[in-house]
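Right, one structure below, let's go through it.
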Protein chains: 2
Amino acid sequence: MVQRLSRLLPKGFACARSSPALSGDFAGVALDGSERQYSWQHARAAAAALVTAGLGSLLVLRPQTSECEEAKLASAGQTQRKQPALPIYHAEDVANHNNKEQGVWVTYKDGVYDVTDFLEMHPGGASRLMLAAGGAIDPFWAMYQQHQNDEIRSLLEGYRIGSLAGGQDMSQQVADPYSHEPQRHPALIVRSQKPFNAETPAALLIGKLYTPNDLFYVRNHLPVPAVDLAAYALRIEGEGLRTIELSLKDLQTMFKRHTISATLQCAGNRRIDMSDLKDIKGTTWAAGAIGNAEWSGVTLKDVLEYAGLDESSETDAEHVQFEGLDSDMEGVCYGASILIEKAINKGADVLLAFEMNGRPLSKDHGYPVRVIAPGIVGARNVKWLSRIIISKEESQSHWQQHDYKSFSPNTDYDTVDWDSAPAIQEPNVTSAICSPNNHEAVTTSEGMIPVKGFAYRSSRMKSGGGHSIVRVDVSADGGKTWTVADLRSVPAKRSRAWSWSLWEAEVPAPAAQRDIEIICKATDNAYNTQPDSVAGVWNLRGVLNNAWHRVKVQVTDQ
Amino acid sequence: MVQRLSRLLPKGFACARSSPALSGDFAGVALDGSERQYSWQHARAAAAALVTAGLGSLLVLRPQTSECEEAKLASAGQTQRKQPALPIYHAEDVANHNNKEQGVWVTYKDGVYDVTDFLEMHPGGASRLMLAAGGAIDPFWAMYQQHQNDEIRSLLEGYRIGSLAGGQDMSQQVADPYSHEPQRHPALIVRSQKPFNAETPAALLIGKLYTPNDLFYVRNHLPVPAVDLAAYALRIEGEGLRTIELSLKDLQTMFKRHTISATLQCAGNRRIDMSDLKDIKGTTWAAGAIGNAEWSGVTLKDVLEYAGLDESSETDAEHVQFEGLDSDMEGVCYGASILIEKAINKGADVLLAFEMNGRPLSKDHGYPVRVIAPGIVGARNVKWLSRIIISKEESQSHWQQHDYKSFSPNTDYDTVDWDSAPAIQEPNVTSAICSPNNHEAVTTSEGMIPVKGFAYRSSRMKSGGGHSIVRVDVSADGGKTWTVADLRSVPAKRSRAWSWSLWEAEVPAPAAQRDIEIICKATDNAYNTQPDSVAGVWNLRGVLNNAWHRVKVQVTDQ
């Protein structure tokens, strides 16, 4: 009976509940990795309810302090500790428990867990957890990285029933989905390895109007897929189209080639300033999840027209959905959509691109073909493009429906209504200081501090000025006075201005003040500008932070 | 010689120089009325240079204090005082001085002025001042209302040489350009009479999604023109077009009729909050220079195509210029332009409108035909439309080139480079609280304050949500907590969302606090939002103030 009780009572859960440091964090649970939303706090509550209802009060059932400490130790570390009081199992024992009748066991490192009673509480659904039944859960956690935190490890530890016999590791029995990852440039600042997310160092961002390919930020949601070019076919289908499939060579030979300059930015760029204000689980980007490149390919409009899209015909289709070859362990692929008006508008310049800065797309940037939807947030520029669907509906993917949306600062995971906000398409106006760095020591030149950075908001309407950013203001005295920066941009082609502006300014340092905060803000051609403070735009996903960018420096010569 | 000296020395100038209260204000000189920019501060400086160079030091020549006081008295009042020491002239004497040889005299009320030496210093040019030579300047000042302030009256008074014989008034000899003004609704809040500028009271704004025609804000730059419908012809010409002329009936019968809902807003709306921070000369709009209507007419695209515009042909033309029938006393008409991409894009919905909310356009709103360029700031929606020109160039009008632009908070009239900023086209995202009013006493209901207002940013891309405003946040505790308002909008037609959103919220009043500031901010579908404070967006023209809107209220029941 004790054995049975210990199986039902999540040790780690009780432990986490008694730890104020953990319980607060738990509500805004991890959306890293594939960035799927799992309501682990609901799972925890459900586990508590089950325990309370079926077995009596939590107080009676709460483990001894020593057990709790042990569980914390076990769950916090990268390797599980042997728990001498628990039985030793062999891989075959675990493999035999791969169904509800026998019980559903999984291993994590050298721990053995009976998760039968947790199946229905699993936020991702019982069926997804069943994928790991009778085997290691490690490879799945590598894919769905929201599991990779102490709270979840602690929750799992509550279901511990034993340990694997010495030296056994079941995780090798599942192929590593990340086995096709390419080599990356060592200068990239890695924010997560699996999936790979890395940003460009600020100092390297502002060197050139075109970001070098191997320094361009990488934002993968899933493992990089292995692509067999001989088998590659882009399928195009949906409302009003005949279904066609095109090879890379078809794309390259059947349609007119176009080249555009366009900036891509992750919706989470500058999340770090939001995280600093209030904890956000997710990739903690500084300001380097942005880059500018020259993209070559064919227009989506030409390809859709070839497939039968008739711009003049009235159709109910409002969206163009994209699917990538990157997929999770259940075969669910990355997906997103844009508005059809954006897709078919002559001036919209949406490309099916196969070259980046004059070279074939690299594996990390979507080889062989990706969407370049200029003026649209990075997440909709689907890489490793496999399928285009004209539809009345938006993409129903997690990333379109339950991610990459923003909410009021007071909205949290307990109150969020994902349907109440539109999927991010165009990003807001933003800018950042890339030099000096935060906390850097600087020397003045005749009382001036040289400051450099980028500003961005893609726009189709150049509004006479030729660029979407019309001004960047920089201040070193808290906004009392502003210096207008010099802008440098890729020349706009007719009315299109899809690229960022790099800027620099010489800003007067307040006299006799060593610790200085430098601020920048950009204004776009609709005279939208950035809000003063992060607090007003803070949101649970930490997206589209465009508050005035601030860096603190120390002036060494005054 | 004394007489000669007194003519050359602008008394008012010296007086203004010795008055700190005036000198500071003078730099940001009046741009009211037709909103043409005149550099009166440069005129004053030039007058000073002339005096200094030709006649010795200012110290020697500065008038006695008693004269200065007298000049201030004379210039500050609405009627000129008789100056007994100066000669009396008759209208014929003045009329004889209408050229440089005889001297150029003008009258203002009953004052007679020799402005010969001021001709070349006149910011509007000598030729414009010569229009008044030998006669009254009053009607011109009624047209160019930037003259209507104490500084300019004081400057003129420096050129006083006498007074008109009793009872004479030369201003009646020039036809009043404002003789065709219509009757207006008494509820409109009049900000200037000539030209007529008036806004809708906040409480009436939020009553209906469509603003009643006679309560719709009026922003005229010049007198309302008298239109003879029998003679009315809209001329269409320019790059790649055959020149054609169309009557109202032609427009109504030759092209397909379209109806759209669209909000118009003056770029100066909410200027009052900028004026409160730092003085701005110009129409002091509160938040009522905005309205929403259903507009009917024909599409500009259809008319341009009829005139020969071929969308598929590559042309250098990038702009569509509009001219109105409203003109100044030299015949210079109101003008503006929009980008051709906006004009010819199928989804752009630019109309040549002849109906507003189902009724023919009123005189104040552009009878018989006006431009409705949805999503573009009011000033480009040219009324009393007489001419459309396809061109490589923007409109060269004052209002396109030297007005309706925004600059850094530190830019003033001494440093402004008008060419450095693009003409405002799309307005930024904004919102305002219309109820309660500022300084209103309110009672709570279960601790909640009901708050209502509008939010606006026109956008072609509905981004899935159906409206261009995705959220309005309201706070009564300085932004610590936000309540998400309920939005009410005209249903978007396909992807277009040209209309505002009205909103309401029940906001918790901080306990035991009588004086409360309520704040609102809107977020658009590109997740652009409003900046926290006015200081960061303050600009010399006071345009596009979209800082968080704030009203102070007193809670009477706590």
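Laid out as a table, the results:
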item: Filtered residues of the stretch A:194-215 (kept if closer than 11 Å to residue A:184 by Cα and either among the charged types (D, E, K, R) or surrounded by fewer than 24 Cβ atoms within 10 Å (Cβ to Cβ) (or both)); result: A:196, A:213, A:214, A:215
item: Only listed residue being free of Cβ contacts under 8 Å to residues at least 24 places away in the same chain and out of contact with any helix residue (DSSP H, G or I) (no Cβ under 9 Å at 6 or more places or on another chain), chosen from B:508, B:531; result: B:531
item: Checklist (1) more than 9 Å from chain B (Cβ to nearest Cβ); (2) farther than 20 Å from residue B:468 by Cα applied to residue A:376, failing item; result: (2)
item: Qualifying residue in the stretch A:100-114 (condition: of a type in the set (A, V, I, L, M) and in a helix (DSSP H, G or I)); result: no
item: Checking residue B:544 against (1) more than 11 Å from chain A (Cβ to nearest Cβ); (2) buried (at least 24 other Cβ atoms within 10 Å of the Cβ); (3) hydrophobic (A, V, I, L, M, F, W, C), the condition it does not meet; result: (1)
item: 1 or more residues of a type in the set (Val, Ile, Thr): qualifying strands (runs of 3 or more DSSP E) within the stretch B:149-205; result: B:160-164, B:189-192
item: Among the candidates B:341, B:330, residue that is over 23 Å from residue B:281 (Cα atoms), within 14 Å of chain A (Cβ to nearest Cβ) and of a type in the set (Asp, Glu); result: B:341
item: Scan of the stretch A:115-138 for residues that are surrounded by fewer than 22 Cβ atoms within 10 Å (Cβ to Cβ) and assigned to a helix (DSSP H, G or I), ordered by number; result: A:116, A:117, A:119, A:120, A:121, A:126, A:127, A:128, A:129, A:130, A:138
item: Scope the stretch A:533-558; condition more than 28 Å from residue A:443 (Cα to Cα) and of a type in the set (A, V, I, L, M); matching residues; result: A:534, A:535, A:537, A:540, A:543, A:544
item: Single residue of the stretch A:203-236 satisfying the filter (of a type in the set (D, E, K, R) and touching a strand residue (DSSP E or B) at 6+ places or on another chain (Cβ under 6 Å)) that is nearest to residue A:504 (Cα to Cα); result: A:219
item: Out of B:395, B:431, B:386, B:408, sole residue that is in a strand (DSSP E or B), within 14 Å of chain A (Cβ to nearest Cβ) and of a type outside the set (D, E, K, R); result: B:431
item: The stretch B:486-541, subset of a type in the set (Lys, Arg), at the interface with chain A (Cβ under 10 Å from one of its Cβ atoms) and part of a strand (DSSP E or B), residue surrounded by the fewest Cβ atoms within 10 Å (Cβ to Cβ); result: B:496
item: Test for residue B:386: is it on the phi < 0 side of the Ramachandran plot, hydroxyl-bearing (Ser, Thr, Tyr) and in contact with an Asp or Glu (Cβ under 6 Å, 6 or more places away or on another chain); result: yes
item: Wholly within the stretch A:228-337, helices (runs of 4 or more DSSP H) carrying at least 2 residues that are without any contact (Cβ under 8 Å) to a residue 40 or more places away in the chain and of a type in the set (D, E, K, R); result: A:248-254
item: Of residues in the stretch A:274-291 being at pLDDT below 95 and not small (Gly, Ala, Ser), the one surrounded by the most Cβ atoms within 10 Å (Cβ to Cβ); result: A:283
item: Residue A:157, sole failed condition from (1) over 26 Å from residue A:260 (Cα atoms); (2) crowded, with 21+ Cβ neighbours inside 10 Å; (3) under 26 Å from the mean Cα position of the chain (by Cα); result: (3)
item: Selection count, the stretch B:375-411, where residues are farther than 25 Å from residue B:538 by Cα and in contact with a helix residue (DSSP H, G or I) (Cβ under 8 Å, 6 or more places away or on another chain); result: 5
item: Selection count where residues are within 13 Å of chain B (Cβ to nearest Cβ) and more than 19 Å from the chain's Cα centre (by Cα), scope the stretch A:411-428; result: 5
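Listed here are the residues, each with its yes/no results for (1) touching a strand residue (DSSP E or B) at 6+ places or on another chain (Cβ under 7 Å); (2) at pLDDT below 95; (3) of a type in the set (Val, Ile, Thr).
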position: A:455; (1), (2), (3): yes, no, no
position: A:473; (1), (2), (3): yes, no, no
position: A:508; (1), (2), (3): yes, no, no
position: A:516; (1), (2), (3): yes, no, yes
position: A:535; (1), (2), (3): no, no, no
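Here's the yes/no breakdown for (1) touching a strand residue (DSSP E or B) at 6+ places or on another chain (Cβ under 9 Å); (2) crowded, with 19+ Cβ neighbours inside 10 Å; (3) of a type in the set (Ser, Thr, Tyr):
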| residue | (1), (2), (3) |
| --- | --- |
| B:345 | no, yes, no |
| B:367 | yes, yes, yes |
| B:406 | yes, yes, yes |
| B:420 | yes, no, yes |
| B:425 | yes, yes, no |
| B:438 | yes, no, no |
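The values are calculated or read from the model by the stated rules, or taken from the named source; none is laboratory data. Everything numeric in this text was worked out from a predicted model, so none of it was measured. Glycine also receives a Cβ, built like all others from the backbone with ideal geometry; neighbour counts cover every protein chain displayed.
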